[in-house]
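Throughout, read-outs are computed from the coordinates displayed, never taken from laboratory work. In this text the structure is predicted, and so the values were computed from the model without any measurement. Here the Cβ positions follow ideal geometry from the backbone for every residue, glycine too, while neighbour counts run over all protein chains shown.
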Amino acid sequence: MKRHRWLLALAAIATVFVFVAADYADARGGRGGSAGSRGSRTFSAPAATNTAPTAAPINRSMAQPGAATTAAGGTAAAAGAARPGMFGGGMLGGLAAGFIGAGLFGMLFGNGFMGGMGGFASMLGLLLQIGLVIIVARLAFKWWQSRKGDSYATQSAGPAPGVNPGVNPGPNAAAFGGLGTMFGGNKSAAPVGTPVELEKSDFDDFEALLTDVQSAYSNEDLSALRGKATAEMVSYFSEELTDNASAGVINKVTDVKLLQGDLSEAWREEDSEYATVAMRFGLVDTTIERASGRTVEGGQPTEVTELWTFVRRRGGNWLLSAIQQA
């Protein structure tokens, strides 16, 4: 056991770093990720629609579970609040970090829980540490399941995706003018907040924001983005634009055209109104080298399906508040 202690310790440390790296990569916001805030529903799955029966959970947000959000800033929490780590925050995260940190380094340097009591005690200490890591991992998994289970349970039974009996389906989809039948009138029973009815002008605004946000991002125009998105979303876009500048590239998104859309849910929380919309749209996504103008990646027409959440003060303008991958 002593001869293999170094191998066991290094393997365990490598496993932890793999999980942490994957968590960081998944938590990046913006293009290809799921980021932003949906008020009190940030950590709940949006209602299913024909366009997007399922949605990836938001993995980067300034919102905290149970915290109220604001239409202007996207969250009432401090903008610099740290994102919960692999095991989340609170007592569970502390226990996990403590056990893994103390246990792994104890294993590495030959001092387990009972490291000074001979070979048998050392082996027993190693087994105890491994057992504790497994227990903490199982607790974290059960905690995650209980946190996500309720939101997905409402979608696991009942009518076909996007159909919600007993809830007013809202305006006829054919009345959405240029959108035609692309936007359905589906409403979701609101787990939090009061359902709201949307007008044709609201859907026109959503379609316009889809194009305007992509255009402002392509032009690297943060001023324009501030008029189209919450401060939280602008911070994610700004981070991406900074990364692109550092890499010497520009990301251009052109020829954006809405192909199909469904309203997932619309609701009110205090003085803010939210709407989550599933949209399938065509675009040309191109990465260009700044110095030469040479196309580095993309450049071909493609289709993307995402869920965009919009927020506004009652009577104000809609702003992009979150993007989730379908």
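Neighbour counts of other Cβ atoms within 10 Å put Ser61, Ser272 in the fewest-to-most order Ser272, Ser61. Counted by Cβ distance under 13 Å from Ala322, the other residues give a net charge of 0, where Lys and Arg count +1 and Asp and Glu count -1.
Quick check on segment 236-283: take the gyration tensor over C-alpha atoms, sort the square-rooted eigenvalues as a ≥ b ≥ c, and tell me if it's rounded (a/c under 1.5), prolate or oblate. Oblate shape, in that a/c is at least 1.5 and b/c is the bigger or equal ratio.
Here the simple spin-label model places points 7 Å from the Cα toward Cβ, and for Thr242 and Ala291 these points are separated by 2.4 nm.
Counting Lys +1, Arg +1, Asp -1, Glu -1, what net charge surrounds Glu273 among other residues with beta carbon under 13 Å of its beta carbon? Charge balance near Glu273 sits at -2. The value of relative contact order for segment 187-312, using C-alpha pairs under 8 Å at least six residues apart, is 24 percent. Taking other C-beta atoms within 10 angstrom as a stand-in for reagent exposure, Leu320, Leu283, Leu222 fall in the order Leu222, Leu283, Leu320, fewest first.
Each of Ile58, Ile323, Ile135 has some number of other Cβ atoms within 10 Å of its Cβ, and from fewest to most they run Ile135, Ile323, Ile58. With a cut-off of 13 Å between beta carbons, the residues surrounding Gly299 carry a summed charge of -2, where Lys and Arg count +1 and Asp and Glu -1.
Length gained on full extension, Asp271 to Leu222, computed as 0.36 nm times the residue gap minus the Cα-Cα distance: 15.0 nm.
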